[in-house]
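One structure is given here, and the rest of the page talks about it.
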């Protein structure tokens with residue numbers, strides 16, 4: 001391993017202790033490395049604006065950072081056990097090629113704000129990805145709600161047949177839910193869109209850093225002003241981002257539960273695209289909805305990371321090394337959750353209903369609520385109408401699913417899905 005950035009003439013490096021200190025940090029930093037390079041270039045340009053670096057030195061650093069980025073992307077340069085983390089790799093590269101000029105890159109910054117800014121840029125990108133995926137899911141579900149607005153299906157409460165519903169209502173429910181998730185992702189991104197670079201170890205530095213210029217160069221909407229607040233935000237902002245992800249994976253879990261039930265022989269409502277199923281290693285007759293089941297399970301990774309992070313951040317103000325352990329759960333949960341959500345739009349676009357099975361699952365008793373409300377509308381007290389409807393038999397059997405759907409005229413109900421409202425909302429949230 002190269003000499004740690006914190007190494008001093010009298011430092012004693014014990015290999016076992018270093019392995020524990022470093023952990024998987026250098027491997028995890030591969031995910032953040034490109035953002036660290038971008039932030040390092042902005043920092044160098046900022047140092048040039050206040051006279052710490054000359055224009056030629058800043059240009060040389062920019063050139064070498066670009067070269068390192070290309071080498072990293074091509075695989076020519078690998079973050080590996082030679083380095084304590086991505087930050088030390090950057091400084092090593094610059095020093096090897098530029099000597100003292102490379103050694104000046106860390107002036108006015110700490111690894112504390114260096115990891116904060118790289119993580120913050122990465123979080124913004126992941127929240128953009130989350131918002132885009134939620135938008136795609138909402139678009140697919142809204143399209144199918146319009147196409148299948150009048151397709152009858154049983155509605156369930158307590159997993160028991162309850163009332164006549166429609167595929168249109170089912171699809172529109174998911175459309176509105178994922179539009180909510182899209183807005184949560186956007187709102188969270190707006191909050192975390194704050195630049196912590198220039199706060200150093202949490203106390204500022206005795207240099208007139210051009211923090212506003214660096215903020216603009218990195219594309220942040222605002223400056224995270226107070227150095228202590230910047231340190232306190234590590235873990236906090238990640239928890240908020242995971243919470244936004246959890247809103248979407250929580251909806252995905254419930255959607256996947258529906259599909260898991262609907263694909264069973266007992267329901268038989270849905271046929272999945274063949275790529276989304278697998279076979280059994282022992283039972284030749286089986287086609288298993290494994291993808292749907294793993295989509296359902298994906299929320300666990302996000303929820304677990306949130307608990308891990310909440311436990312880690314029970315700390316006093318200022319930097320504590322405990323925060324190093326926040327990196328792994330956030331990277332892991334974000335990647336897993338986003339990968340899971342990315343499979344959903346095509347799955348939903350291609351699944352097929354079995355209309356015969358949907359209609360066969362609608363039994364006469366499911367019209368009783370409609371009858372009770374009709375009697376109440378005619379002036380009978382609802383509780384009396386409720387008892388009357390429960391006792392009916394032949395009258396309920398004579399009703400059709402189409403009659404039930406057509407009568408459900410409350411805003412958002414099966415006869416008035418208000419899809420145009422959701423479409424306007426989707427259009428307002430789509431990128432211009």
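By its C-alpha gyration tensor, with a ≥ b ≥ c as the square roots of the eigenvalues, how is segment 241-394 shaped: rounded for a/c under 1.5, else prolate for a/b larger than b/c, else oblate? If you can, show how the numbers build up before the last one.
Numbers: a/c = 3.76, a/b = 1.62, b/c = 2.33.
Taking the square roots of the gyration eigenvalues as a ≥ b ≥ c, segment 241-394 is oblate.
With everything on Cα atoms, drop me the angle between helix 236-262 and the longest principal axis of the chain, reported from 0 to 90° to the nearest 10. Computed tilt is about 30 degrees.
The length gained by stretching the chain between residue 225 and residue 54 to full extension, at 0.36 nm per residue less their Cα-Cα distance, is 58.9 nm.
Given a 10 angstrom Cα cut-off, can you work out which residue in 36, 143, 416 is the most mobile in a GNM of the chain? Maximum among the listed residues: 416.
Available extension along the chain between residue 406 and residue 384 is 5.5 nm, counting 0.36 nm per residue and deducting the alpha carbon span.
If you average the sequence gap of Cα pairs under 8 Å that are 6 or more apart and divide by the length of the chain, what percent do you get for the contact order? Write down the numbers at each step before the final one.
Working: 588 pairs, mean separation 74.1, N = 432.
After rounding, I find 17 percent.
Modelled label positions at residue 63 and residue 76, each set 7 Å beyond Cα in the direction of Cβ, lie 1.5 nm from each other. Of the residues 179, 130, 79, the one that moves most in a GNM of the chain with alpha-carbon contacts below 10 Å is 79. For a label point 7 Å from the Cα of residue 354 along Cα→C-beta, name the residues of segment 271-312 whose backbone N is under 17 Å from it. Label zone hits: 271-274, 277-278, 285-290.
Quick one: if the Förster radius is 41 Å, what FRET efficiency do residue 293 and residue 430 give, using the C-beta to C-beta distance and rounding to 0.05?
Working from the Cβ atoms, E equals 0.85.
With a cut-off of 11 Å on the backbone N, the residues of segment 64-107 near the modelled label site 7 Å out from residue 205 along Cα-Cβ are 104-107.
Suppose only helical runs count, i.e. DSSP H with n ≥ 4. What mean residue ellipticity at 222 nm does that imply for the chain under -39500 (n - 2.57) per run, divided by all residues and rounded to the nearest 500 deg cm²/dmol?
-20000 deg cm²/dmol
When the Cα gyration tensor is reduced to axis lengths a ≥ b ≥ c, the ratio a/c is 1.5 or higher for segment 15-103, and with a/b above b/c it is classed as prolate.
Tell me, in nm to one decimal, what length is gained between residue 307 and residue 281 on full extension, where the rule is 0.36 nm per residue of separation less the Cα-Cα distance? Before the final figure, lay out each step's value.
On the way: separation 26, 0.36 × 26 = 9.36 nm, distance 3.54 nm.
Here the answer is 5.8 nm.
So, in Å, what gap is there between the alpha-carbon centers of segment 349-374 and segment 174-205? Using only Cα atoms, the two centres lie 43 Å from each other. For 282, 373, the sequence from fewest to most other C-beta atoms within 10 Å is 282, 373. The long axis of helix 368-377 is offset from the longest Cα principal axis of the chain by roughly 80 degrees.
Relative to the longest principal axis of the Cα atoms of the chain, the long axis of helix 111-147 lies at roughly 20 degrees.
By counting other Cβ atoms within 10 Å of each Cβ, how are 180, 45 ranked from fewest to most? Before the final figure, lay out the partial values.
Details: 180 16, 45 19.
Ordered by Cβ neighbours within 10 Å, fewest first: 180, 45.
The ranking of 203, 178 from fewest to most other beta carbons within 10 Å of each one's beta carbon is 203, 178.
Segment 58-132 and segment 280-339 have Cα centres lying 27 Å from one another.
Every number here is computed from the coordinates shown, using simple stated rules; none is lab data. Computed from a predicted model, the values in this text were never measured in an experiment. Neighbour counts are summed over all protein chains in view; Cβ atoms, including those assigned to glycine, are modelled from backbone coordinates with ideal geometry.
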